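Since the structure comes first, as structure tokens, the remarks are kept for the end.
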């Protein structure tokens, strides 16, 4: 597994996490990354929405956040006014 790095040797925490992932848990017949994936899939199958979301984000990529007016239309301007309150009538 290649080690992502911003400098020589990578960040210490990243190196430690990758080293721990490469080791198998005592008595485990599959490597740790596979156990993590199996655990996530199991949670998704049981209905855990965050696990479902994680799986779809990894497969399809995260959905882009919509910004106002990105489809060529101007954002709708809403003005609220009240007629019965004297404070409102002074503001308009």
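Only the coordinates and a few stated rules stand behind these numbers; no lab work does. Predicted, not measured: the structure shown is a model, and the values here were computed from it. Backbone-built Cβ (ideal geometry, glycine too); neighbour counts: all protein chains shown.
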* To do: Averaging sequence separations of C-alpha pairs under 8 Å and six or more residues apart, then dividing by the length of the range 1-65, give the relative contact order as a whole percent.
  => 14 percent
* **Nitroxide proxy distance, nm - points 7 Å out along Cα→Cβ at residue 78 and residue 55** => 3.7 nm
* Fraction of the pair-distance distribution of the range 1-65 above 19 Å, Cα-Cα pairs, percent -> 53 percent
